[in-house]
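The values are calculated or read from the model by the stated rules, or taken from the named source; none is laboratory data. Here the structure is a predicted model, which means the values were calculated and not measured. Ideal geometry is used to build each Cβ from the backbone, glycine not excepted, and the neighbour counts take in all protein chains shown. Quick note on the areas: whole protein, heavy atoms, side chains included, nothing else; ligands and nucleic acids left out. Shrake-Rupley method; radii C 1.70, N 1.55, O 1.52, S 1.80 Å.
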Amino acid sequence: MRDVILDGAEMISIDAAHGYIAAMLNFPDYYGRNLDALWDLLSTISEPTQIKLINEEKIIDYLGDYGRSFLGVIYDVVQVNEKITFCDS
């Protein structure tokens, strides 16, 4: 199983959040850096992957409503992709 730790303190802007998650999850160069593209790539992960989120509150502090939507994509995708598990600290 692949373990990925995402740190909300690294997501200080929308661009930084997408760049950070792309790097941490080894997304391809064509990743569109938006919520639809995030959903598309997370929902097609085929390797068992556990995502742990630390400093979750920082995402909302930095990104506001977009941060809530960003987190919503992550929370929702685990409901449809059985290869991904999610936990927060």
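Listed by first and then second residue, the pairs linking a residue in region 1-28 that is more than 20 Å from residue 45 (Cα to Cα) to a residue that is open to solvent by less than 40 Å² (accessible area, probe 1.4 Å) and among the hydrophobic types (A, V, I, L, M, F, W, C), with Cβ atoms under 6 Å apart and 6 or more places separating them unless they lie on different chains, are 8/59; 11/17; 11/59. If you take the residues in region 62-82 that are within 12 Å of residue 38 (Cβ to Cβ) and in contact (Cβ under 8 Å) with a residue 40 or more places away in the chain, which one is farthest from the chain's Cα centre (by Cα)? Going through the qualifying residues, I end up with 66. If you check 42, 53 for being touching a residue at least 24 places away in the same chain (Cβ under 8 Å), open to solvent by less than 20 Å² (accessible area, probe 1.4 Å) and part of a strand (DSSP E or B), only one passes: 53. Within region 1-22, being hydrophobic (A, V, I, L, M, F, W, C), open to solvent by 70 Å² or more (accessible area, probe 1.4 Å) and modelled with pLDDT of 95 or more holds for 5, 12, 14. How many residues are assigned to a helix (DSSP H, G or I) and within 16 Å of residue 68 (Cα to Cα) when one looks only at region 1-36? Looking only at that region, the number is 11.
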